[in-house]
Amino acid sequence: LGNWIGNRIHFFQEIESTNDGAFQLALGGADEGTVVIAESQTKGKGRLKRQWQSPPGCNIYTSIVLRPEVDPVFAPQITLMTGVAVADLLSLYCPGSVTLKWPNDVQIRGKKVCGILTEMSSSAPKKVNFVIVGIGVNVNIDRADFDESFRDIATSLKDEVGSEISRLDLIAKLFDNLENLYTLLRKDGFGSIKDMWLKYSDVVGKQIRVVFNDNVQAGEVHGIDDFGALIISDENEIIKRVIAGDAS
Ligand code: BTN
């Protein structure tokens, strides 16, 4: 495993949510790079209060404690950086077929293979205490074992590659990638990571529709800003920032 991410691993056969576990450890002072890995989760959490299907024996569920010394407004950069780390990883197995979908689904041939949930604790007005980066990868789950509602929109690495993939290899490479990109982010800022993200997403110039609760925003995508928001122009050519929702 890499140098400091994954240096301390808390492994659970079963946990409610690795994000909650890591959050508690971080509150207790856990060092940056501490990770929680679970074989299964009973309350795996997705974005927008959804559930994340987390059966044992097949997938990766992990959460990492980071302590970036930044203003909370920059925390979304960490989520996008994580998307790039996972996309680079999965591209080793499926070159050319991995895409990122804003805000942060990793897809293979247009189907979701990984979800990322970042949670933050901040105090004072401008200080991040810690960020928990939660990553769930569908590695060897069989198509038939997906909840019916996901079966057509989700996939696993095994289904895409055609053979079982070692979760140990994957997670070791994942922590390496994260370490390298996080170092780059802190040294050089967001610019090159944003470019890598945009390359995987291929969304610039396309029409997009983002739904958040009852609110719909639609328009042509210009890019993402330094706060992780999507920049679009609507039919009246008014530029808007979209910060959350489901994109299509
Ligand atoms: C999403 O796409 O909605 C995000 C899903 C994130 C799932 C992972 S699995 C490990 C970590 N622990 C959780 O409870 N959620 C994240």
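Selection of the range 179-223 for residues being out of contact with any strand residue (DSSP E or B) (no Cβ under 6 Å at 6 or more places or on another chain) and of a type in the set (A, V, I, L, M) yields Leu181, Leu184, Leu185, Ile193, Met196, Leu198, Val216. Inside the range 47-67, residues that are surrounded by 13 or more Cβ atoms within 10 Å (Cβ to Cβ) and modelled with pLDDT of 95 or more make up a count of 14. Here Ile78, Ile60 are screened, and the one residue that is among the hydrophobic types (A, V, I, L, M, F, W, C) and within 13 Å of the ligand (Cβ to nearest atom) is Ile60. For the range 1-9, indicate whether the set of residues that are touching a residue at least 60 places away in the same chain (Cβ under 8 Å), under 29 Å from Ile224 (Cα atoms) and within 16 Å of the ligand (Cβ to nearest atom) is non-empty. Yes, some residue in the range 1-9 is touching a residue at least 60 places away in the same chain (Cβ under 8 Å), under 29 Å from Ile224 (Cα atoms) and within 16 Å of the ligand (Cβ to nearest atom). Output the residues belonging to the range 135-163 that are surrounded by fewer than 12 Cβ atoms within 10 Å (Cβ to Cβ) and in contact with a helix residue (DSSP H, G or I) (Cβ under 7 Å, 6 or more places away or on another chain). Matches in the range 135-163: none. Taking the range 117-134 as the range and being within 15 Å of the ligand (Cβ to nearest atom) and open to solvent by 10 Å² or more (accessible area, probe 1.4 Å) as the test, the residues that pass are Leu117, Thr118, Glu119, Met120.
Rundown of residues vs (1) farther than 22 Å from Gly110 by Cα; (2) open to solvent by 90 Å² or more (accessible area, probe 1.4 Å); (3) small (Gly, Ala, Ser), yes/no style:
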{"site": "Lys199", "(1), (2), (3)": "no, yes, no"}
{"site": "Ile208", "(1), (2), (3)": "no, no, no"}
{"site": "Phe212", "(1), (2), (3)": "no, no, no"}
{"site": "Gly219", "(1), (2), (3)": "no, no, yes"}
{"site": "Asp225", "(1), (2), (3)": "yes, no, no"}
{"site": "Glu235", "(1), (2), (3)": "yes, yes, no"}
{"site": "Arg241", "(1), (2), (3)": "yes, yes, no"}
{"site": "Asp246", "(1), (2), (3)": "no, no, no"}
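In the condition set (1) small (Gly, Ala, Ser); (2) in contact (Cβ under 8 Å) with a residue 40 or more places away in the chain; (3) farther than 23 Å from Cys114 by Cβ, Ser156 is compliant with all but (3). Assuming Ser91 fulfils every condition listed in (1) open to solvent by less than 20 Å² (accessible area, probe 1.4 Å); (2) within 27 Å of Ile193 (Cβ to Cβ); (3) of a type outside the set (D, E, K, R) apart from one, which condition is it? Answer for Ser91: the failing condition is (1). If you go through the range 10-44 and keep only what is hydrophobic (A, V, I, L, M, F, W, C), more than 15 Å from the ligand (Cβ to nearest atom) and buried (at least 17 other Cβ atoms within 10 Å of the Cβ), you end up with just Ala30. Just one of the numbered conditions (1) more than 14 Å from Asn3 (Cβ to Cβ); (2) touching a residue at least 12 places away in the same chain (Cβ under 8 Å); (3) among the small types (Gly, Ala, Ser) is not true of Gly189: (2).
For the range 165-186, the candidate set comprises residues that are in contact (Cβ under 8 Å) with a residue 40 or more places away in the chain and charged (D, E, K, R); within that set, the residue that is nearest to Thr62 (Cα to Cα) is Arg167. From the set of residues in the range 63-74 that are of a type outside the set (Val, Ile, Thr) and without any contact (Cβ under 8 Å) to a residue 60 or more places away in the chain, which is nearest to the ligand (Cβ to nearest atom)? Taking the candidates together, the pick is Pro72.
The values are calculated or read from the model by the stated rules, or taken from the named source; none is laboratory data. None of these values were measured; they are calculated from a predicted model. Cβ sites come from the backbone with ideal geometry, for glycine too, and all protein chains shown count toward neighbours. Side chains included, ligands, DNA and RNA excluded: accessible areas come from the protein's heavy atoms. Shrake-Rupley method; radii C 1.70, N 1.55, O 1.52, S 1.80 Å.
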